[in-house]
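Structure first, then comments.
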Amino acid sequence: MRTEIAAMMAKGAEQNISHDALRQVRDELGDCQRCKLHTGRINIVFGVGNPAAELVFIGEAPGFHEDKQGEPFVGKAGGLLDKMIDAMGLARSDVYILNIIKCRPPGNRDPEPDEMAACEPFLIRQLAALEPKIIVALGRYAAQALLRDTTGITKMRGKWRTYQGVRVMPTFHPAYLLRNPAAKRPCWNDLQLVMAELRGESTP
Ligand code: URA
């Protein structure tokens, strides 16, 4: 199901500019060896989707399947993220999806501060190239890392924040939703706020 929101999301002429800017960031990242995660990775997981997207989803770090395929959110949590995007009237190709960290931490542990520090300049430049209207921060790690805030996700979710002038909606991570289906309702409320903003309606 594609709604008028999807149509509003194509920024047309800007697409090539963002595309080139993103490609430049990817080129500079190269065969990155700036932190220890490079030793265990199969693929760098840079990001995927529409370079002109108004809506960007940010997760934590690649897991097993993402490392194997070189694409974010392709495992079980990714399947749920796809359903969430579909429920918003969008397709995966309408939005851009990336992670705070581009290489899989061993055993899916939380990324460490030095890994975050090495990756952050590329995240900043990706977001500058994308110029999204809205960022959805998926889960505690992404929200805390992006917003430099140690508040738990249960408290942070559902309230608009700002990152470099861009509106950020923190919400639950799809992997958390798979373990805690009761959290799907509040997450859907958060995504409805995002949809209203994309339609140009002002939300609290
Ligand atoms: N979890 C994340 O945070 N990112 C992915 O790409 C996959 C799972």
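Summary value for the chain: 23 percent relative contact order, contacts being C-alpha pairs under 8 angstrom separated by 6+ residues. Could you work out how far the C-alpha centroid of the stretch 63-82 sits from that of the stretch 184-204, in angstrom? Between the Cα centres of the stretch 63-82 and the stretch 184-204 lies a distance of 24 Å.
Suppose R0 equals 30 Å. What FRET efficiency, 1/(1 + (r/R0)^6) with r the Cβ-Cβ distance, do residue 188 and residue 33 give to the nearest 0.05? Display every interim value, and only then the final one.
Numbers: r = 41 Å, r/R0 = 1.35.
Calculated value: 0.15.
Which entries in 83/133; 133/155; 36/102; 76/184; 102/159 show an alpha-carbon gap greater than 19 Å? Pairs exceeding 19 Å: 83/133; 133/155; 102/159.
Here, the chain has an Rg and a Dmax of 15.9, 46 Å when only alpha carbons are counted. Between residue 160 and residue 178, the simple label model (points 7 Å from Cα in the Cβ direction) yields a spacing of 3.2 nm.
Extension gain, residue 148 to residue 87: 0.36 nm times the residue separation minus the Cα-Cα distance gives 19.0 nm.
Taken about its Cα centre, the stretch 25-135 carries a charge dipole of roughly 220 debye when the Cβ of each Lys and Arg holds +1 and the Cβ of each Asp and Glu holds -1.
Coordinate-derived values only; no laboratory data. Note that the structure is a prediction, hence the values are computed from the model and not measured. Here the Cβ is made from the backbone with ideal geometry for all residues, glycine too, and neighbour counts use every protein chain on show.
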